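Read the figures in this text as sums done on the coordinates, not as results from a lab. Quick caveat: nothing in here was measured; it's all calculated off a predicted structure. In this analysis, Cβ positions are derived from the backbone assuming ideal geometry, glycine residues included, and neighbour counts consider all displayed protein chains.
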Amino acid sequence: MIDSKVLGGINVADHTRGGANALVLKDIAESNTTWAGVPAHKISTHGIIETPIVPYKH
């Protein structure tokens, strides 16, 4: 989570990504998800850096 803020006693699941300057105000229980915004909300459930989405080939 690049320059993100996690306030209070918040638990964040493994393999979770946060957008730049995201503000996390509640627990994130789902792993392999991406969160962004103020306050943070889930924007993706597809892939992580270790297992990226394979681009579609025509």
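Could you tally the net charge around ALA20, taking each other residue with its Cβ under 12 Å from the Cβ of ALA20, Lys/Arg +1 and Asp/Glu -1?
Working: positive: LYS5, ARG17; negative: ASP3.
Around ALA20, the surrounding residues sum to +1.
Amide H of ARG17: which non-local residues (sequence gap of 5 or more, or other chain) have their own amide H closer than 5 Å, using H built in the peptide plane?
Residues meeting the amide H criterion: THR33, THR34, TRP35.
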